[in-house]
């Protein structure tokens, strides 16, 4: 008896004869199917939360988060990882994305690369992957040997491993502590997992890193207070954040920015607590990077 066709390879009745439809009709069908994606993600919040808790634990003891995938899934992992340093001021090694075929696969399809189960293992070894790290395998169909091999090896090292797949019978789930099945259904164009599957994966990756960064103090209330001011726009945003939180004027924000060497959280503590730079940095460290905890400890939250 044949095994059932993976969800990601099934035909979608909603898009049957889509090639006979008008532009607006095609867009409407796509949009109606896309609306199912956040619902599918919402059904897996408990599983996502458990994975995030392990990522936070890893970060707090100096561990790292690795994404690994092939094709669209791999590109999404690399994208999410690459956005963390400028957004949250973390080193580029803290969240890393590995893709089958390497850097060239970001812009050029290297389809055969996903069939090598040893390649992902070698890449993790090159990064000195340890049991303190977390690995998340991302694969729409859940069958890529490149991903499965790396996940199996990471588990053998004692690391926590998560799996994100849009196929209920995904092979990656056999090697994961956290199994996140995103039931988005069949794609509009059969097998084109860059669409609903990719959208669902990106939503989850955003949730993992955003929530983890919030948990380790990279956000104050809903403000991005640990960004890296790498260009004029971000320098201006940094000074604006200092003004917004402290209520100081533009001149003061300029001085605070300079005094804190561009560290927004330190600048805020200097102003609100009336302390020097060194004391502000020490207090922030004692508060595990959380601006709210630091201010609470001095009874000066705003």
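The values are calculated or read from the model by the stated rules, or taken from the named source; none is laboratory data. Here the structure is a predicted model, which is why all the values come from computation and not from measurement. Every residue, glycine as well, gets a Cβ built from its backbone with ideal geometry; the counts of neighbours run over all protein chains shown.
Summed over region 275-302, the residues that are more than 20 Å from residue 89 (Cβ to Cβ) and part of a loop (DSSP other than H, G, I, E, B) give a count of 7. May I ask you to list the residues in region 182-201 that are free of Cβ contacts under 8 Å to residues at least 24 places away in the same chain and in contact with a helix residue (DSSP H, G or I) (Cβ under 8 Å, 6 or more places away or on another chain)? Selection gives nothing. Hey, can you tell me all the residues within region 211-242 that are within 12 Å of residue 56 (Cβ to Cβ) and free of Cβ contacts under 8 Å to residues at least 60 places away in the same chain? Selection gives 214 alone. In the set 217, 198, only one residue is assigned to a helix (DSSP H, G or I), surrounded by 20 or more Cβ atoms within 10 Å (Cβ to Cβ) and either assigned by TED's automatic domain parsing to the domain that holds residue 25 or at pLDDT below 95 (or both); that residue is 198. Where residues in region 1-21 are touching a helix residue (DSSP H, G or I) at 6+ places or on another chain (Cβ under 9 Å) and not in a helix (DSSP H, G or I), which of them is nearest to residue 200 (Cα to Cα)? So, considering only residues that are touching a helix residue (DSSP H, G or I) at 6+ places or on another chain (Cβ under 9 Å) and not in a helix (DSSP H, G or I), the one nearest to residue 200 (Cα to Cα) is 12. Screening region 22-50 for residues that are in a loop (DSSP other than H, G, I, E, B) and touching a residue at least 12 places away in the same chain (Cβ under 8 Å) and picking the one that is surrounded by the fewest Cβ atoms within 10 Å (Cβ to Cβ) gives 43. Condition check for residue 262 on (1) without any contact (Cβ under 8 Å) to a residue 12 or more places away in the chain; (2) part of a loop (DSSP other than H, G, I, E, B): one failure, at (1). Regarding region 111-118, can at least one residue be identified that is more than 22 Å from residue 154 (Cα to Cα) and either in the same structural domain as residue 241 (by TED's automatic domain parsing) or surrounded by fewer than 18 Cβ atoms within 10 Å (Cβ to Cβ) (or both)? Looking for residues that are more than 22 Å from residue 154 (Cα to Cα) and either in the same structural domain as residue 241 (by TED's automatic domain parsing) or surrounded by fewer than 18 Cβ atoms within 10 Å (Cβ to Cβ) (or both), one finds at least one in region 111-118, hence yes.
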